[in-house]
Each structure stands twice: as structure tokens, then as C-alpha cells.
1. Starting from the Cα-Cα distance between residue 106 and residue 23, subtract it from 0.36 nm times their residue separation and give me the gain in nm to one decimal.
2. Quick check on the chain: helices-only [θ] at 222 nm, where DSSP H runs of length 4 and up contribute -39,500 (n - 2.57) each and the sum goes over total residues. Nearest 500, please.
3. Compute the length gained on full extension between residue 179 and residue 55: take 0.36 nm times their separation in residues and subtract their Cα-Cα distance, giving the result in nm to one decimal.
4. Starting from the Cα of residue 215, step 7 Å along the direction of its Cβ; do the same at residue 130; then give the gap between the two resulting points in nm.
5. Output the relative contact order of segment 83-148, whole-number percent, from Cα pairs under 8 angstrom with separation of 6+ residues.
6. Mind checking the dipole of the chain: about its Cα centre, +1 per Lys or Arg Cβ, -1 per Asp or Glu Cβ, Debye to the nearest 20?
7. List the relative contact order of the chain as a percent without decimals, with contacts defined as Cα pairs under 8 Å and 6+ residues apart.
8. Among 210, 82, which comes first, second and so on when ranked by fewest other beta-carbon atoms within 10 Å?
Amino acid sequence: MLHLDAVGRRFGDQRVLDGITLTVPDGQLLCVVGPSGCGKSTLLRTIAGLLPVQDGTVTVDGTPVAGVPDRLAVVFQEYGRSLLPWLTVRDNVALALRRLGLGRAARRAEAEAILDRVGLAGAGRRRPPELSGGMQQRVAIARALVCRPSLLLMDEPFGSLDARTREDLEDLLLEVHRADGTTIVFVTHDIDESVYVGDRVVVLSPGPGSRIVLDLPVGLPADRDQITTRSLPGFVALRTEVGRAVRGEGRDGRKG
């Protein structure tokens, strides 16, 4: 599905990413974690084709990325900025279907169906400013899913939400992933979140010139629960290993 080969990125004289090589199989939910400023968002935008590839190559389904790939969707943390406040919720979601050539009635029907799926049945006629932050982010997720992407990129999508809303959306993401098998790359700074939602966690080193310092399969049961899963010894062990990698420590707790 997705392959990065020796991907590097600079801004002026500052090297942000250095030699990132990574393969994400079809249907995997990969979490990317690292300290602030390590280039997580830059990596995601490079995969999305929003930033040009400077060094190395990025391929999606075997095709080099030289622009935004087909059947790709992105969900950003700044959900408020990504929604058009003068359109209804339904029309914000339906907007993503215009390029598919569907008629207005068909677009609206598809939008209503996906809104129901993300828990927003009945909210289609409201406008984004009338909704809570969590509901707005559900709208952004619905808009990403309505086109049935084969690759979904998420850039710290729950980072500005309260704890309960964040947990609800983590569970929604897992539900969607189980049902659709979409390949997902999920950037987060939250170590617990990465272990809870991920099939695999990749940790980037501090910048400048970030590299992959840990590539860890999660291996927890597919059916996850916010209370039960987070209390499992396996979850605690994985969280500890990821935390140490983010802090630049070895498994013995010493700085590496």
C-alpha cells in the first residue's frame, strides 16, 4: 500500500527528516509518535503529496507520489478551519463527492449515511459553528470517509479535544478500521493513544534530522476497550517501551 524509501526533507538549511524508510501493508493502522518538532506532521504531509518529496521516494500502490494520490483522505487537528461555516454539516460532507460526478441528491444521501455512521444522525442540517469540537471532528472524519479512501492520513486529529470525547473518537476510529480495513497512518504525540489504536507504532527521534528509532508491532487483541485494554500488562509494557524510545532511553531506562 505505502512505501517510503530513504525519505528526507529540509527547510532551508535545517534538515527535518533524514533517511525514513518504511513499508505500511494494506489494511494496517500505523501510529507515528515522537517528541514535538521531530517532523511527524512534515512526514504526513509528504506522504499526502502536500509537500514535494525532496530526497528518496514515496509510493502509494506502487505509484510514486508527485501530488495528492487518488483515494487518499486527510484529517487534520484543526477541524474548525477545515469545515466551511456557511454550509450545513451535510453539505460539508457532500462537498467531497463532487469530483466523483455524483448528482446532488446522491451526494446528500451518501453524506447522510456516513453522518449516521459516525454518530451524527439528525445533525445534517446544522452548521459547524453550532456543534461542539468533538462533533466538528466527527464531521471532518465523515467527510474523509465518504469517498471510501484506500489510504487515510490523520494528523493529531484528537489532540485538542477533552479526554472523554477523545476516547469516544479513538473507539470510533477502531470501529471504522475494523469494518473497512482502510490503511491508516495516524500521527499523535500521545503515547497511550498510539498503543491503544495502533496495529504498529513507529517512533521518530528528536530533530533535526529525525530518524526511526523504534518500529514496534502492538499485538493487542483487536477488540479493545478503554478500561480493560489499558489495564492489560501487555499494554503497560508496550507503553513503557514506546515512552522510553520517545525519551531517547534504552530498555534499561538509560539514555541511548
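1. Here the segment from residue 106 to residue 23 would lengthen by 26.2 nm.
2. After summing the helix terms and dividing by residue count, I get -10000 deg cm²/dmol.
3. 41.1 nm is the gain from fully extending residue 179 to residue 55.
4. Spacing of the two 7 Å Cα→Cβ label points: 4.9 nm.
5. 47 percent
6. That gives a dipole near 640 debye.
7. 26 percent
8. The most exposed by this proxy come first: 82, 210.
Throughout, read-outs are computed from the coordinates displayed, never taken from laboratory work. All figures in this text were calculated on a predicted structure; none of them were measured in a lab. Ideal geometry is used to build each Cβ from the backbone, glycine not excepted, and the neighbour counts take in all protein chains shown.
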